[in-house]
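**Q** The structure is given below, and queries will be raised subsequently.
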Amino acid sequence: MTEKPDLRAAVAAGVVGSEESFRALLAAIVEVARSIFGARASSILLLDEETEELVFEAVVGEGEDTLLGTRFPAGKGIAGWVLAMRTPLVIEDVQQDPRFAKDVADDSGYVPGGLMAAPLLHEERALGVLSVLDRPEQSLFSLQEMELLGLFANQAAIAVDLLLKARTAERLLGQDGGELAVVARLAAAVDALEEERREAGMKLLRDLTDMLGAERGT
């Protein structure tokens, strides 16, 4: 199966069963981003590759009660453009931009004035988009702000990658239920060890999952 290497990577990273912790980390990232920029809202959208949709995975500030879990086509809106072009973007008046998905904003009950957005990139993959909406009117955009947004995006991309691996692992383990399920439980136990013992435990898990993969011909 082509998905086994992803499962082994997830187990070796000790992320099985950790989806809630990674979602909490994404929520913390958008909260800090909103605070740092003095913005009215901040969000992280993830790309669902199976449905080719962007999903609001973390939202704080305006729209957080209605947007979480909302989906729209990945090629739509400013976020869709940022994802496709893999390029950060600053827009001072979104309603004057033809890429703006006004229907999505209307459904949330909050239509922003301006935004900053950056793609979440990890190992050549575009995983999603980080957005910061409506900075203070007196705030002037600067290159330093874009660099700071990029730092937040980098951290979010790492968390998103682990979240996606955890979801893949959970799904495949549900299908397997055999040796790999045992390895997953071991990974969770190893992840709780102290640093030195954890490193040795992770090496053992990598060797074990490689051996299982070899026996299965993966």
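What follows is calculated from the coordinates using simple rules that are stated; it is not laboratory data. Here the structure is a predicted model, which is why all the values come from computation and not from measurement. Here Cβ is always computed from backbone atoms with ideal geometry, including for glycine, and neighbour counts include all displayed protein chains.
**Q** When the chain is fully extended, how far beyond the present Cα-Cα distance does Asp65 get from Asp48, taking 0.36 nm per residue of separation?
**A** The span from Asp65 to Asp48 would gain 4.0 nm if fully extended.
**Q** Per residue of region 58-66, what does 6.51 cos²θ - 1.76 cosθ + 1.60 with θ = phi - 60° give for ³J(HN,Hα)? Whole Hz please, x for Gly and Pro, Karplus curve as stated.
**A** Karplus values, whole Hz, x for Gly and Pro: 9, 9, 9, x, 4, x, 5, 7, 10.
**Q** Using the Karplus curve 6.51 cos²θ - 1.76 cosθ + 1.60 with θ = phi - 60°, what ³J(HN,Hα) values do you get for each residue of region 83-99, in whole Hz, with x for Gly and Pro?
**A** 5, 5, 8, 6, 9, x, 8, 10, 10, 7, 9, 5, 6, 8, 9, x, 7
**Q** Among 159-168, 62-71, what's the highest-first ranking by average C-beta atoms within 10 angstrom per residue?
**A** The densest-packed peptide leads the list: 159-168, 62-71.
**Q** Under 5 Å between amide hydrogens, which residues at least 5 positions from Arg99 or on another chain qualify, with H placed 1.01 Å from N in the peptide plane?
**A** It is none; the list stays empty.
**Q** All other residues with a Cβ under 11 Å from the Cβ of Val104 taken together, and with Lys, Arg as +1 and Asp, Glu as -1, what is their net charge?
**A** Charge balance near Val104 sits at 0.
**Q** With r as the distance between the Cβ atoms of Glu20 and Ile158 and R0 = 22 Å, compute the FRET efficiency 1/(1 + (r/R0)^6) and round to 0.05.
**A** The value I calculate is 0.85.
**Q** A further question follows. At what distance in nm do the modelled label points of Arg167 and Arg86 sit from each other, each positioned 7 Å from its Cα along Cα→Cβ?
**A** The answer from the label model is 2.1 nm.
**Q** Can you compute 3J(HN,Hα) from phi for each residue in region 30-47, using the Karplus curve 6.51 cos²θ - 1.76 cosθ + 1.60 with θ = phi - 60°, rounded to whole Hz and x for Gly and Pro?
**A** 5, 5, 5, 4, 4, 5, 4, 8, x, 8, 7, 7, 8, 8, 10, 10, 10, 7
**Q** For Arg99 and Ala28, FRET efficiency with R0 = 35 Å and r from the beta-carbon atoms, rounded to 0.05?
**A** Computed FRET efficiency for Ala28 and Arg99: 0.75.
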